[in-house]
1. Can you tell which of Leu34, Leu62 is touching a Phe, Trp or Tyr at 6+ places or on another chain (Cβ under 6 Å) and open to solvent by less than 30 Å² (accessible area, probe 1.4 Å)?
2. I'd like to check something: does segment 114-136 contain any residue that is touching an Asp or Glu at 6+ places or on another chain (Cβ under 8 Å), on the phi < 0 side of the Ramachandran plot and not basic (Lys, Arg)?
3. Could you check segment 82-141 and list, in sequence order, the residues that are under 12 Å from Met66 (Cβ atoms) and of a type in the set (Phe, Trp, Tyr)?
4. Report, ordered by the first and then the second residue, all pairs with beta carbons closer than 8 Å, sequence separation of six or more or different chains, a first member in segment 12-29 that is at negative phi, and a second member that is of a type in the set (Val, Ile, Thr) and surrounded by 15 or more Cβ atoms within 10 Å (Cβ to Cβ).
5. Given the criterion of a type in the set (Ser, Thr, Tyr) and touching a Ser or Thr at 6+ places or on another chain (Cβ under 8 Å), identify the matching residue among Thr101, Thr87.
6. For segment 90-131, name all the residues that are hydroxyl-bearing (Ser, Thr, Tyr) and assigned to a loop (DSSP other than H, G, I, E, B).
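The values are calculated or read from the model by the stated rules, or taken from the named source; none is laboratory data. Keep in mind it's a predicted model, so treat the numbers as computed, not measured. Cβ coordinates were reconstructed from backbone atoms using ideal geometry, including for glycine residues, and neighbour counts include every protein chain displayed. Accessible surface areas use protein heavy atoms only, side chains included; no ligands, DNA or RNA. Shrake-Rupley method; radii C 1.70, N 1.55, O 1.52, S 1.80 Å.
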Amino acid sequence: GLLVQVVGSAEGTRLKVVKAVGAWSLALSYMGLLYWLSSKTWGGEPLPVSDKLVHAVAYFGLCVVMRLAVGSVIPGAAATVIAVGVTLLYGATDEWHQSCTPGRHPDVLDWVADAVGACVAAGCWILVGRIMRGSSNATSH
């Protein structure tokens, strides 16, 4: 009995660690991709969509992967708040980084678009979580 509990607990802990490492690897890779894209001098054709939309979508994605990462070590709503905060901070540092890149210019409205994307992602995360909890509660009765 006790040996089975200890082994089962160790396997559960190992799985949590693997999931956390995977989630943080994804989040850091995504941040690296954004940094790399931000390092590129943009001199080509204008984007077929608003650059603000591109920012919002990119930072929506960052907030989702950051929520996965933070949620692997901190439970609940605190993980969502922290993920939004980290995403907003990263967006601000990205705008500063662009000030050092030839042909790129920081724009506070880009950061606002980043914030909109992060907040929409957080809202979606919360909504999907409520829907999932509601459907699991409905099936368990």
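1. Leu62
2. yes
3. Tyr90, Trp125
4. Within 8 Å, the pairs are Ala23/Val65; Leu26/Val65; Ala27/Val65.
5. Thr101
6. Thr101
Listed here are the residues, each with its yes/no results for (1) crowded, with 16+ Cβ neighbours inside 10 Å; (2) at pLDDT below 95.
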position	(1), (2)
Val7	no, yes
Glu11	no, yes
Ala23	yes, no
Leu53	no, no
Leu68	yes, no
Val86	yes, no
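Results for (1) without any contact (Cβ under 8 Å) to a residue 40 or more places away in the chain; (2) among the hydrophobic types (A, V, I, L, M, F, W, C), shown as yes or no for each residue.
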| position | (1), (2) |
| --- | --- |
| Asp51 | no, no |
| Leu62 | no, yes |
| Ser72 | no, no |
| Pro75 | yes, no |
| Ala79 | yes, yes |
